[in-house]
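Working notes, structure below.
The values are calculated or read from the model by the stated rules, or taken from the named source; none is laboratory data. Because the structure is a prediction, the values reported are computed rather than measured. Quick note on the areas: whole protein, heavy atoms, side chains included, nothing else; ligands and nucleic acids left out. Shrake-Rupley method; radii C 1.70, N 1.55, O 1.52, S 1.80 Å.
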Amino acid sequence: MQWRQIERWATIAIYVSAGVGLAILLVEALAPAGSAVQQLAQITANRLTRLGEIGGGPLFAVVLAYLTTMGGTWIMVLLMEGIERLRTRRARTELRLERMREEVREEIRREEVREEIRKEVREEVREEIRELGREEMKDLIRERLERLGLDIQMEPERRAQIIAEAQERGRLAAREYLAEHGINPDNMPLPENPEPPPTQ
């Protein structure tokens with residue numbers, strides 16, 4: 001609202017009306033009684049008074065309408081500013097929500113990548129453990145064969161011969177042990193389902 005312009009117009013109107021009124025009063029007081037000038041001043045004063053009485057209502061209506069129009073405009077401006085602020089706030093809120101959603105999606109992607117890395121690491125560790133287990137088993141087998149006098153890179157015929165000799169020595173040792181205890185292994189009954197000796 002242009003309050004400064006309204007205030008300036010109101011001030012000018014007050015000064016003009018005060019000046020005109022003062023001039024009429026001075027003419028009435030200083031002019032000779034019954035003169036044409038005094039009568040003109042009285043007629044002017046009466047007409048202005050009547051005009052003020054009649055014009056007060058329309059003036060009030062015009063001022064009230066103007067103020068109502070300006071007030072309505074002001075209210076509409078406030079409403080539009082409020083709507084614009086609400087739109088701006090909604091846009092900021094949606095932007096913030098979109099950023100939060102993007103952060104959540106990024107965190108989910110990172111967690112999936114971490115889980116994939118953990119799976120790969122677990123698989124690599126399992127494979128290393130299996131490889132170590134195989135190496136340990138090979139070492140144990142190699143050590144066992146070395147105790148038996150076998151070489152893992154030995155020819156199969158030579159290995160079979162050494163195994164047969166070891167089995168024969170075992171049978172002789174068992175026969176001697178039984179003979180020391182008075183048992184003749186030739187008179188012992190054979191089992192119904194003899195199991196073949198283990199092969200290596």
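For segment 1-135, the orientation-averaged shadow of the C-alpha convex hull comes to 13.4 nm² (one quarter of the hull surface). Over segment 17-84, the Kirkwood radius and the radius of gyration, each from Cα atoms, give a ratio Rg/Rh of 1.41.
How many angstrom separate the Cα center of segment 22-48 from the Cα center of segment 110-124? Answer, in whole Å: 108.
Determine the share of segment 78-142's accessible area contributed by carbon and sulfur atoms, expressed in whole percent, with a 1.4 angstrom probe.
The nonpolar share, carbon plus sulfur, comes to 56 percent.
First obtain the Kirkwood hydrodynamic radius of segment 1-56 from its Cα pairs, then insert it into the Stokes-Einstein equation at 25 °C and 0.890 mPa s, and state the resulting D in µm² per second as a whole number.
So the translational diffusion coefficient is about 192 µm²/s.
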